[in-house]
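> If you scroll down you'll find the structure; I have some questions about it.
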Amino acid sequence: MYRKKFFCRMICIFLVFASLMLVSCNEQTPSEEQVSETQAPTKDTVLTVRLKEDVTKGSYIELKDLELVEVDPSTLPEGCITGSSEVVGKKVLSALKKGDYLTADVLGKKKEEPKEETQVTKSLARKLGYIVVTDYLKADTGEDLTEAIQKIIDDNPRKTIYFPDGVYTIARPIQTSSNANKAVSLHLSSGAVLKAADRWKGGAAHMVQLGIIDKTFSIHATGTNYYLYGGVIDGNGKAKGVALEGGRETSIRNVVIRNVTQGLHIVYNSEYGSNDSDTEALVIEGGGYAGSVGVLVDGLDNTLSNIRVSGFEVGVQLTAGGNLMHDIYATYTGGDSLDYNNSRGFLDSSGGNWYDGCRADGFRTAFYALGHSMSLYNDCVAVWHEARDRQIAIESTGKLSATVTSFKADFYEGGNNSFLVASSGGKGIIAGPMFDTSVAPDEAYKKYLVDRVVWYDN
């Protein structure tokens, strides 16, 4: 019993001793790391900022100009600012000296940080080393600027030529070189328009002829992979749009081509055969001229993607192989001036091309192949929105040699509709087609059918 009482007394003594030690630690002087601007001052003083160095009129206060001091509040000037966050970055309206306290009446607005330019402007173009055409000529005059623009191009090899917003009228083609030592890139702002003059003097030539000067198709020197980017190419109903005449690994992106008799022409590479160009995000609008072609590809190994074509008798025509057509949307519009019986969404006269996710809307024949075209058609669509005498999803002038997978045809009721027009005996296949067999009863497709036709049950 005595031992238990002794043990309890010892525990109580230990707890009292520990409490005294904790209080003693809390009363120790804080370290330098614990001292900050937010440290509470004593009862008779306040913390405030003052200048460490002289500051000239018109300059901006920086944190390095200030020091934090503890002073008697009765000695501070009226309106004194005590926090550094309230003064840093503000303009000094009059010269101040070392040791001065800062008041609201001697400080102006905070300095505005320059905003990062996210789109190309004149100033950013100059910083990037671009040649800004409006530094040499005036837009929106309606005058023929062909000669002035061509001089800018010729005088600035291996540069990017930038066109700010405005209308640039030309009566003849603008030409660039595909020679590595002379090639330039053309960069148009979204509001820049190259417009064919009412009196177009360029004949059948395209308004913009890329790589036509000192034409070469070499890929062994930097410069042949120039580009055309942005803006609007307006044919004014008089001219063709853009021709890619030379160069390798070149690109055309984010361009609107409108009011043209032909939209885009990729010329055959007579030197190496392969063009290897990349065309993306284009809108091409024709004027509904009989016999017109929206996109003509005579070259090999080109990639065209995310393009909308309308107002032409033939949407896209390929005369060479090795080309990838991805997400191309061709629409038949233009009224009575076009010949519906000769209309084709995609016309392939070569074979060896790949159509992925392409769509033909309203053409007599959506996808047309000459001879024994061994092209690939994957996830493509053919659509009609009104009754026509003839509606054909896929047509071949001979035996079908193509591979057609997951192809959907949405025929309009009425008329003579066919999913496939081709002679029998070919080695091609049609796998998993999607269409209403009651609307398109022609059974020529069955000679090439793999699996079955997919369609919802009426």
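The values are calculated or read from the model by the stated rules, or taken from the named source; none is laboratory data. Since we're looking at a predicted model, the values are computed, not measured. In this analysis, Cβ positions are derived from the backbone assuming ideal geometry, glycine residues included, and neighbour counts consider all displayed protein chains. To get the accessible areas, we keep the full protein, side chains included, count just its heavy atoms, and leave off ligands, DNA and RNA. Shrake-Rupley method; radii C 1.70, N 1.55, O 1.52, S 1.80 Å.
> Inside the range 381-403, can you point out the residues that are crowded, with 18+ Cβ neighbours inside 10 Å and within 18 Å of Asp436 (Cβ to Cβ)?
The answer is Val381, Ala382, Val383, Trp384, Arg388, Gln391, Ile392, Ala393, Ile394.
> Going through Ser424, Ser406, Ser375 one at a time, which residue ends up being open to solvent by 30 Å² or more (accessible area, probe 1.4 Å) and either modelled with pLDDT of 90 or more or of a type in the set (A, V, I, L, M, F, W, C) (or both)?
Numbers: Ser424 fails: either modelled with pLDDT of 90 or more or of a type in the set (A, V, I, L, M, F, W, C) (or both); Ser375 fails: open to solvent by 30 Å² or more (accessible area, probe 1.4 Å).
Checking each option against the conditions leaves just Ser406.
> Just checking, how many residues over the range 180-200 are part of a loop (DSSP other than H, G, I, E, B), free of Cβ contacts under 8 Å to residues at least 60 places away in the same chain, out of contact with any helix residue (DSSP H, G or I) (no Cβ under 9 Å at 6 or more places or on another chain) and within 18 Å of Ala243 (Cβ to Cβ)?
Final tally of qualifying residues: 1.
> Here are some conditions: (1) open to solvent by less than 50 Å² (accessible area, probe 1.4 Å); (2) touching a Ser or Thr at 6+ places or on another chain (Cβ under 8 Å); (3) closer than 21 Å to Ser177 by Cα. Ala197 meets all but one. Which one does it not meet?
The one condition Ala197 does not meet is (3).
> Of all residues in the range 157-179 being of a type in the set (Lys, Arg) and over 16 Å from Val242 (Cα atoms), which is least open to solvent (accessible area, probe 1.4 Å)?
If we take residues in the range 157-179 being of a type in the set (Lys, Arg) and over 16 Å from Val242 (Cα atoms), then Lys159 is least open to solvent (accessible area, probe 1.4 Å).
> Shifting gears a bit: Looking only at the range 276-288, which residues are assigned to a strand (DSSP E or B) and either closer than 21 Å to Leu194 by Cα or open to solvent by less than 10 Å² (accessible area, probe 1.4 Å) (or both)? So that I can check it myself, show each step before the final result.
We begin by selecting, within the range 276-288, every residue assigned to a strand (DSSP E or B); these are 278-288.
Within the range 276-288, Thr279, Glu280, Ala281, Leu282, Val283, Ile284, Glu285, Gly286, Gly287, Gly288 meet the criteria.
> Restricting attention to the range 143-154, does a residue exist that is closer than 21 Å to Ile252 by Cβ, without any contact (Cβ under 8 Å) to a residue 24 or more places away in the chain, surrounded by 15 or more Cβ atoms within 10 Å (Cβ to Cβ) and of a type outside the set (Ser, Thr, Tyr)?
The answer is yes; a qualifying residue exists.
> What number of residues within the range 123-141 are under 16 Å from Lys151 (Cβ atoms), in contact (Cβ under 8 Å) with a residue 12 or more places away in the chain and assigned to a helix (DSSP H, G or I)?
Qualifying residue count for the region: 2.
> Inside the range 433-442, can you point out the residues that are open to solvent by 20 Å² or more (accessible area, probe 1.4 Å) and either in a loop (DSSP other than H, G, I, E, B) or of a type in the set (D, E, K, R) (or both)? I'd like the intermediate steps shown before the answer.
Let us first name the residues in the range 433-442 that are open to solvent by 20 Å² or more (accessible area, probe 1.4 Å), namely 434, 436-439, 441-442.
Within the range 433-442, Asp436, Thr437, Ser438, Val439, Pro441, Asp442 qualify.
> On to the next question. Assess whether Phe346 counts as being buried (at least 18 other Cβ atoms within 10 Å of the Cβ) and under 23 Å from Lys427 (Cα atoms).
yes
> Filter the range 218-240 down to residues that are within 21 Å of the chain's Cα centre (by Cα) and hydroxyl-bearing (Ser, Thr, Tyr) and give me whichever is modelled with the lowest pLDDT.
Here is the first cut: in the range 218-240, the ones within 21 Å of the chain's Cα centre (by Cα) are 225-234.
Narrowing further to those that are hydroxyl-bearing (Ser, Thr, Tyr): 226-227, 229.
Values: Tyr226: 91, Tyr227: 95, Tyr229: 97.
The qualifying residue modelled with the lowest pLDDT is Tyr226.
> Are there any pairs, at least 6 apart or on different chains, whose C-beta atoms fall under 7 Å, with the first in the range 443-455 and in a helix (DSSP H, G or I) and the second open to solvent by less than 70 Å² (accessible area, probe 1.4 Å) and among the β-branched types (Val, Ile, Thr), and if so, which?
Here the result reads Ala444/Val421; Tyr445/Ile430, each pair linking the range 443-455 to a residue that is open to solvent by less than 70 Å² (accessible area, probe 1.4 Å) and among the β-branched types (Val, Ile, Thr).
> Cys358 is checked against (1) under 19 Å from Ser438 (Cβ atoms); (2) touching a Cys at 6+ places or on another chain (Cβ under 6 Å) and fails just one. What number does that condition carry?
Going through (1) under 19 Å from Ser438 (Cβ atoms); (2) touching a Cys at 6+ places or on another chain (Cβ under 6 Å) one by one, Cys358 breaks only (1).
> To continue, here is another question. Does at least one position in the range 240-248 carry a residue that is surrounded by fewer than 23 Cβ atoms within 10 Å (Cβ to Cβ) and out of contact with any strand residue (DSSP E or B) (no Cβ under 8 Å at 6 or more places or on another chain)?
There is no residue in the range 240-248 that is surrounded by fewer than 23 Cβ atoms within 10 Å (Cβ to Cβ) and out of contact with any strand residue (DSSP E or B) (no Cβ under 8 Å at 6 or more places or on another chain).
> Okay, moving on. Filter the range 255-275 down to the residues that are assigned to a loop (DSSP other than H, G, I, E, B) and either within 18 Å of Val316 (Cα to Cα) or open to solvent by less than 10 Å² (accessible area, probe 1.4 Å) (or both) and list them by number.
Passing the criteria: Val255, Thr261, Gln262, Gly263, Val267, Tyr268, Asn275.
This table checks each residue for (1) without any contact (Cβ under 8 Å) to a residue 24 or more places away in the chain; (2) touching a Cys at 6+ places or on another chain (Cβ under 8 Å); (3) within 20 Å of His265 (Cβ to Cβ).
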| residue | (1), (2), (3) |
| --- | --- |
| Asn302 | no, no, yes |
| Gly315 | no, no, yes |
| Leu318 | no, no, yes |
| Ile328 | no, yes, yes |
| Asn342 | no, no, yes |
| Gly362 | no, no, no |
